[in-house]
Amino acid sequence: MELFSITDVGRRREINEDYLYTSDKPVGNLPNLFIVADGMGGHNAGDYASKHAVDKAVSVIEQYTQEYDAVNILQKAIDDANTYIHQIAKRNSQFKGMGTTFVAVTVDGNHVTAANVGDSRMYIINDFITQITKDHSLVEEMIDMGGIDREAARSHPDKNIITRAVGVKEYVLVDFFDVHIGPAEKLLLCTDGLTNMLKDDEIHKIIVESSSLEKAGRHLIEAANQNGGRDNIAVVLVEPFGGRND
């Protein structure tokens, strides 16, 4: 397995509210774990929400002792992270309304399990780029209802309004995705600081034309910043079968 991760504050923000966690080694009963989170809230609340939600989820996974099941483990972790952030926000006025997107992925052989809340994303990269997660956002609902097309959604004034986030409500609904990955395929996890600055085909071109995951990741950050860098940017690239000699 090959892995590269990077986050950048961008060109418009002073605080980085994106947070990521990666481990290509076992975490609890999971064979590996990759997470991106994009926090939101008032001053200092967004970065607090993303970091502490991820840290709480990882702690839950590390201590999870029941029989291995990726969906159950990730569900428990995100539920506990949601409760943790929600309770802190209720007790502290400066954190009122804080929350975070959350994408968590684990790979077992050629089987990928992804958990998603919000509008951060997971893609599979091969000859094409395929978005696996589905955004929980106002514009995505408008697309589903036929109100706008996907190109118009990129510049819609409400494109940053999300409809689900970890920590905002007492309970959170998590979407799960199960996919199979082939030997030459890669995974991309990212926040909207990347996808709002670059179209999917631009992201795909950078990744497939780069000679390594590190070069691809750094080039994605550079390109997003060159296009405006209006938000924090987080990128996790995973090649599950990379580096193998067999």
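Within the group Asp119, Asp127, which residue is within 18 Å of Ala165 (Cα to Cα) and either of a type in the set (D, E, K, R) or assigned to a loop (DSSP other than H, G, I, E, B) (or both)?
None of the others qualify; the one that does is Asp119.
For the stretch 59-97, which residues satisfy the criterion of being over 20 Å from Lys25 (Cα atoms) and of a type in the set (Asp, Glu)?
Across the stretch 59-97, the qualifying residues are Asp79, Asp80.
How many of the residues making up the stretch 1-57 are under 19 Å from Val105 (Cα atoms) and in a loop (DSSP other than H, G, I, E, B)?
Matching residues across the stretch 1-57 total 8.
Name the one entry in Ala224, Ala234 that is small (Gly, Ala, Ser), touching a strand residue (DSSP E or B) at 6+ places or on another chain (Cβ under 6 Å) and part of a strand (DSSP E or B).
Matching residue, one of Ala224, Ala234: Ala234.
Scan the stretch 84-116 for residues that are in a helix (DSSP H, G or I) and in contact (Cβ under 8 Å) with a residue 24 or more places away in the chain and jot them down.
Tyr84, Ile85, His86, Ile88, Ala89, Gln94, Phe95 - these are the residues of the stretch 84-116 that are in a helix (DSSP H, G or I) and in contact (Cβ under 8 Å) with a residue 24 or more places away in the chain.
Taking the options Asp38, Asp8, name whichever one is out of contact with any Cys (no Cβ under 7 Å at 6 or more places or on another chain), touching a residue at least 24 places away in the same chain (Cβ under 8 Å), among the charged types (D, E, K, R) and within 16 Å of Thr100 (Cβ to Cβ).
None of the other options fit; the residue is Asp38.
Kindly indicate whether any position in the stretch 211-220 is more than 28 Å from Ala81 (Cα to Cα), over 17 Å from the mean Cα position of the chain (by Cα) and not in a helix (DSSP H, G or I).
The answer is yes, given that some residue of the stretch 211-220 is more than 28 Å from Ala81 (Cα to Cα), over 17 Å from the mean Cα position of the chain (by Cα) and not in a helix (DSSP H, G or I).
Residue check, Glu2 against (1) crowded, with 18+ Cβ neighbours inside 10 Å; (2) among the acidic types (Asp, Glu); (3) in contact with a Gly (Cβ under 7 Å, 6 or more places away or on another chain), all met but one. Which one?
Single failed check for Glu2: (1).
So which residues in the stretch 82-129 are of a type in the set (Gly, Ala, Ser) and farther than 27 Å from Ser210 by Cα?
Correct list: Ala89, Ser93, Gly97, Gly99, Ala115, Gly118.
Is one or more of the residues making up the stretch 59-71 within 23 Å of Leu188 (Cα to Cα) and among the β-branched types (Val, Ile, Thr)?
Among the residues of the stretch 59-71, at least one is within 23 Å of Leu188 (Cα to Cα) and among the β-branched types (Val, Ile, Thr), which makes the answer yes.
Looking only at the stretch 86-95, decide whether some residue is in contact with a Ser or Thr (Cβ under 9 Å, 6 or more places away or on another chain), modelled with pLDDT of 95 or more and surrounded by 15 or more Cβ atoms within 10 Å (Cβ to Cβ).
no
Cβ-Cβ distance below 7 Å, separation of 6 or more or different chains: which pairs start in the stretch 132-146 with a residue that is under 20 Å from Phe177 (Cα atoms) and at pLDDT 90 or above and end on one that is β-branched (Val, Ile, Thr) and not in a helix (DSSP H, G or I)?
Ile132/Ile124; Ile132/Val179; Thr133/Val103
Take the stretch 96-122 and flag every residue that is surrounded by fewer than 21 Cβ atoms within 10 Å (Cβ to Cβ) and not basic (Lys, Arg).
Gly97, Asp108, Gly109, Asn110, His111, Thr113
The values are calculated or read from the model by the stated rules, or taken from the named source; none is laboratory data. Since we're looking at a predicted model, the values are computed, not measured. Don't worry about glycine lacking a Cβ; one is built from the backbone with ideal geometry, like all the others, and counts go over all protein chains shown.
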